[in-house]
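The values are calculated or read from the model by the stated rules, or taken from the named source; none is laboratory data. Not measured: the values here are computed from a predicted model. Cβ coordinates were reconstructed from backbone atoms using ideal geometry, including for glycine residues, and neighbour counts include every protein chain displayed. Please note that ligands, DNA and RNA were not included when accessible areas were found on the heavy atoms of the full protein model with its side chains. Shrake-Rupley method; radii C 1.70, N 1.55, O 1.52, S 1.80 Å.
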Amino acid sequence: MYNQKHKETEIIQTIQMLLPQHPELKSDFQKGFIDFTKYTPKETLVFSTAANLYDIPESNVVIMRYMDYEKFKFLINTSSLYMPTPDSFNQDPNEGNIIPDNVGQYITKAANALYKQLYPDIISKKLSVSGLTFTGNETVDKKIITNKFAQIYKHNLKRFFISCWTERDIDQDNMWKSYISSNPEKAVAIKTTVGKLKKALSRNLGLFALTRVKYVDIDSYNSEKIDFLSGGMWALACYALRLKDKRFEDDKEIRLICDNLMTNRTQWYKTAVMLPLGIENFDYSAEPEFKVLCAPLVLDDFIDEIITSPSSNDTFIKELQNFLGSKGLSNIKITKSKINKKRKFYWDE
């Protein structure tokens, strides 16, 4: 049977791989067991500093987000940032799977490494691990591991949430056309900075990441040399969600990413999504509990400027001013987009 010693070994190996920057792991490892909850975000907000996974923008970088008026009112009325799961994005259907061949290569490579390094004695004895019964046949047993890895990856990927921003200091015509699909006369772009966004998220708990998107040629990109912190499916999902097709490069996207895997979860659940082979009696095919995360925001000093769409009119701008005033935010600067502004030529009177 899959005994406690094997379970403890998996936890120790996983923590070592995921969090090598923690020197205290060495002493805990020598004790033979690690309290997994010690190394996961608790009652605090943490932004990832994993430079090998992300391209982390500086705090003074100016960012913008485009939205229709109803979504903007939701942000203000609820003091929260609407963060959907990537499978709800309709612009790019490949979110999180933009490089399926490479994701598959990584899973296969990780499965082979796990077979050779962690479980040769268990597999050779045809024992059961995490509810999986191995046969002693290398080809069959590697396939068993690969299939379980894929299950865990798919389970984890569905539990990430994203807010998309663009690294610009002025509004762009292509962004209005691409991201405002309904009622463009009543749409806005909010302008802030990376530092102010992070500060506004101070009421949240858990791990967040802010990263520039990496635009790649999906037909030739090879991620095999990427170091995923040797952290398995969770780290792979984080990295894959940073990648987009080169054809979207003009978006200059910065992504805010978080997940529903580690925060306010039981130890049993955390173990199920972090261990190399998960745990027995865990439903990896289960659908997410929810498809949207509304991250609390502190609105004070969050928005530097609001730009209304090129097709907006004075009536809408007045409505927007009144709405902000009713929420105590009348100090926010409102500017109409200058994209369609007609300038005078020198011969005009």
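Overview of results
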item: Å² of accessible area per residue within the range 130-183, as computed with a 1.4 Å probe and no ligands counted; result: 45
item: Extension gain, Phe74 back to Val140 (0.36 nm per residue minus Cα-Cα distance, nm); result: 18.6 nm
item: Separation in nanometres of the label points that stand 7 Å from Cα toward Cβ, at Thr44 and Lys342; result: 5.9
item: FRET efficiency, 1/(1 + (r/R0)^6) with R0 25 Å, evaluated for Tyr82 and Lys333 via beta carbons; result: 0.65
item: Share of carbon and sulfur in the accessible heavy-atom surface of the range 250-315 [1.4 Å probe, %]; result: 49
item: Cα gyration tensor shape for the range 110-168, rounded if a/c is under 1.5, else prolate or oblate; result: prolate
item: By average C-beta atoms within 10 angstrom, highest first, the peptides 236-243, 313-320; result: 236-243, 313-320
item: Inter-part distance where the range 265-285 and the range 127-155 are each reduced to a Cα centre, Å; result: 15
item: Gyration tensor verdict on the range 238-295 (Cα atoms; rounded if a/c is under 1.5, prolate if a/b is larger than b/c, oblate otherwise); result: prolate
item: Filter on Lys73/Lys252; Lys252/Lys327; Lys148/Lys196; Lys199/Lys291; Lys246/Lys291 - keep pairs with C-alpha separation over 29 Å; result: Lys252/Lys327; Lys148/Lys196
item: Heavy-atom surface of the range 192-349, accessible at 1.4 Å and reported per residue (Å²); result: 51
item: Separation of the Lys116 and Glu305 label points, Cα + 7 Å toward Cβ, nm; result: 5.6
